[in-house]
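What follows is a single structure, written as structure tokens, with notes after it.
Where a number appears in this text, it was derived from the coordinates with a stated rule and is not lab data. Predicted, not measured: the structure shown is a model, and the values here were computed from it. Please note: Cβ atoms are built from the backbone with ideal geometry, for glycine as well, and neighbour counts cover all protein chains shown.
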């Protein structure tokens, strides 16, 4: 028979970081947020819980978080998911995070694996401790590298099935923009190669320390198959980059250098069923894939 004192009590939920805790941690570490690394720490517990809720992750998910900083979002994720792999470029913050988690979430701290690395170059092997591939990405991405980090991780980790990122509001608009819209561009097309996206809310600047000069937006995404094509992703993305390098140019003119001549560019466009006088901002990702198939690589 098990006595009452042998019955384990409820596991305490992680304590989240508020403004006072964030500033105290930063002071104790001698950390001053820098623009160079896009460091704006979330100081509102309601916001990080909202981000986790909007991401749709659950108990079976292994989540990659980029830029955990002092641990605000990490603690909220550990309330819900199986494991967090936190990628931090700042060696001081990366070294301090396990201690913070042990203090604020002692029952969950072991479920976070910290990788001190640049997220622009981190590899799948580094992000899969115990050979368990991550299933989701949830992050407050540094403003200055948000799009390249997101695209790198989607390419590096095919196991990612869904995610949610907090980015500058203008960047959020670009990531979800449809063809023909004012904000449609390179990020829109390349993101569409990997996933279906949607706006999942707005975030005011006052929930950050230091407060940025812009508001933020939440972008949720779900992995989907890329367009069926004989062209490689690298080839399709090269066409996309060329098409938007000079937005005012027609595709015939914009792709001239990449194709080797205006005539070769026009031939690829005609083969793809695209008007050579059209502009890149009018085309979906599937059309760029068709154009890439006809280019003289």
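Overall, the anisotropy analysis places the range 135-223 in the oblate class: the square-rooted eigenvalues a ≥ b ≥ c of its C-alpha gyration tensor yield a/c not less than 1.5, with a/b not exceeding b/c. Using a 10 angstrom cutoff on alpha carbons, build the Gaussian network for the chain and name the most mobile of 213, 140, 46. The residue that fluctuates most here is 213. Label point of residue 23 set 7 angstrom out along Cα-Cβ; within the range 192-211, amide nitrogens under 16 Å from it belong to 206-211. A Gaussian network model of the chain, with springs between Cα atoms under 10 Å, assigns the largest mean-square fluctuation among 69, 217, 260 to 260. For the options 91, 210, 45, a Gaussian network treatment of the chain with springs between C-alpha atoms closer than 10 Å singles out 91 as fluctuating the most.
The Rg/Rh ratio of the chain, with both radii computed over alpha carbons and Rh defined as the Kirkwood radius, is 1.06. The slack between residue 53 and residue 233, meaning 0.36 nm per residue of separation minus the straight C-alpha distance, is 61.6 nm.
Sorting 104, 184 from the fewest to the most surrounding beta carbons within 10 angstrom yields 104, 184. Legend: ranking of residues 291, 43 from fewest to most surrounding C-beta atoms inside 10 Å; resulting order 43, 291. Taking label points 7 Å from Cα along the Cα-to-Cβ direction, residue 205 and residue 121 give a separation of 3.3 nm.
Inter-part distance, the range 130-197 to the range 15-89, computed on C-alpha centroids, equals 19 Å.
Panel order for 288, 244, by other beta carbons found within 10 Å of each beta carbon, from fewest to most: 244, 288. For residue 271 and residue 102, a Förster radius of 41 Å and the Cβ-Cβ distance give a FRET efficiency of 0.10, rounded to the nearest 0.05. Each principal axis of the Cα cloud of the range 233-294 was evaluated for its coordinate range; sorted largest first, these ranges are 22, 21, 19 Å.
Each helix, a run of at least 4 DSSP H residues, gives -39500 (n - 2.57); summed and divided by the residues of the chain, these come to -11000 deg cm²/dmol at 222 nm.
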